[in-house]
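Each reported figure results from applying straightforward, stated rules to the coordinates on display, with no laboratory input. Since the model is a prediction, treat every value here as computed from it, not as a measurement. Counting neighbours? That spans all protein chains shown, and the Cβs are built from the backbone with ideal geometry, glycine included.
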Amino acid sequence: MNRNRLGRSGIVVSDICMGTMTFGNQADEKTAFRILDMAYEAGVDFYDTAEMYPVPPDEKYQGATEEILGRWLKTKNRDELIIASKVAGPSHVWIKAPLRGGKTGLDRHHIVRAVETSLARLDTDYIDLYQTHWPDWEFGYEETLLALEELVSAGKVRILGCSNETSYGLTKSLWASDVLGVSRYETIQNNFSLNNRRFEDELAQVCRAEQVSLIPYSPIAGGVLSGKYNGGNFPAGARFTHYRDAPKRQQAMMHRFVNEATLASTERFQEIAADLGMSVVTLAVAWSKQHDFVASTIVGATSVEQVPDLLAAADVTLDAETLGRINAVTREIKYPMG
């Protein structure tokens, strides 16, 4: 397992991070523990969660993921592990967070409440990387960063990051940190996969120039790159099978991930993986972590059977010919996720 630095911080992590967003509903605690143990045994020391997990969001599950991860942490040496969590941010985007009455702004009030609750659920006295889950573009970055700086100064949080942010938002936040003289976002956690390469258009250059690390989520495009949705199939229990009959926001997300273009590109990537004698899941994760602006790629699983192909990417470096074939698919099927 290779390791990279998060931004300009003192934290170095494995280049595969185990995500946890299904723990507590799609994956029960016993399954979650086994998945976490498999990652740990493979050399993963970086684990990502959030106050609003598990997803799909539901009041009866909310917070269960951090609680499960917290109980697992008690079976390990806490100092060996890097734990990331998130404050939800505003609920005006794809998912409405079922906490604090749906009022999840990024002012000091919400940030303080969120971190205290996360620390209690994780049963730890600090979080290594604390991230804003969704930005609030209508609210000034200054108050958010000042509130987050209080957490760093108090030792409750080591470093800061953002998620689902834009080029403008990341640049604006970095400027605000400089002006205020407070801790900056060292990481950005955005969607990035073979089916969604938009990060390369602008944000990659911001990350390179400002030494901010991408920790991409959904490297297998929400499971689409596994091929399980090929042919218009919607497997029972799968995320987008659930979203197909969910409220309009989730239906829109389903159509973004599962459509004619994404399924066509997935088939092409499956052919490349087959020629290399590996799973397309392994190909997708290996491709993600091979970018110079990526510190660690977040993977996730709902069953132990899914884990080996994800972790196999740790030992894979794609050669120039393979990268050329991948780029050819991207040129032919442009922006399959819109």
Quick one: work out the % antiparallel among DSSP beta bridges in the chain, nearest 5. 15 percent
Contour minus end-to-end for residue 334 and residue 211, with contour as 0.36 nm per residue of separation and end-to-end as the Cα-Cα distance? 41.5 nm
Burial order of peptide ranges 247-254, 115-122 (average beta-carbon count within 10 Å, highest first): 115-122, 247-254
Given H placed on each backbone N at 1.01 Å, which residues far from residue 188 in sequence or on other chains put an amide H within less than 5 Å of it? 162, 213, 214, 215
Order of 244, 239 from fewest to most other C-beta atoms within 10 Å? 244, 239
Two-site label geometry, residue 246 and residue 125: point separation in nm, points 7 Å out along Cα→Cβ: 3.8 nm
Would you mind calculating the relative contact order of segment 1-130 from Cα pairs under 8 angstrom and at least 6 residues apart, reporting the percent as a whole number? 23 percent
Each label point is 7 Å from the Cα along the Cα-to-Cβ direction; what then is the distance between the points at residue 259 and residue 137, in nm? 1.9 nm
With r defined as the distance between the Cβ atoms of residue 198 and residue 275 and R0 fixed at 22 Å, what FRET efficiency is calculated, to the nearest 0.05? 0.25
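Percent relative contact order of the chain, based on C-alpha pairs within less than 8 angstrom and at least six residues apart?
Across the chain, relative contact order equals 19 percent.
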Among all lysine pairs in segment 1-158 that are eight or more places apart or on different chains, how many have alpha carbons less than 25 angstrom apart? 16
From the Cα gyration tensor of segment 54-204, with a ≥ b ≥ c the square roots of its eigenvalues, which class applies: rounded if a/c is under 1.5, or else prolate if a/b is larger than b/c, or else oblate? rounded
Under the Karplus relation 6.51 cos²θ - 1.76 cosθ + 1.60, θ = phi - 60°, what is the ordered set of whole-Hz ³J(HN,Hα) values for segment 238-245, x standing for Gly and Pro? 6, 4, 7, 5, 5, 5, 4, 10
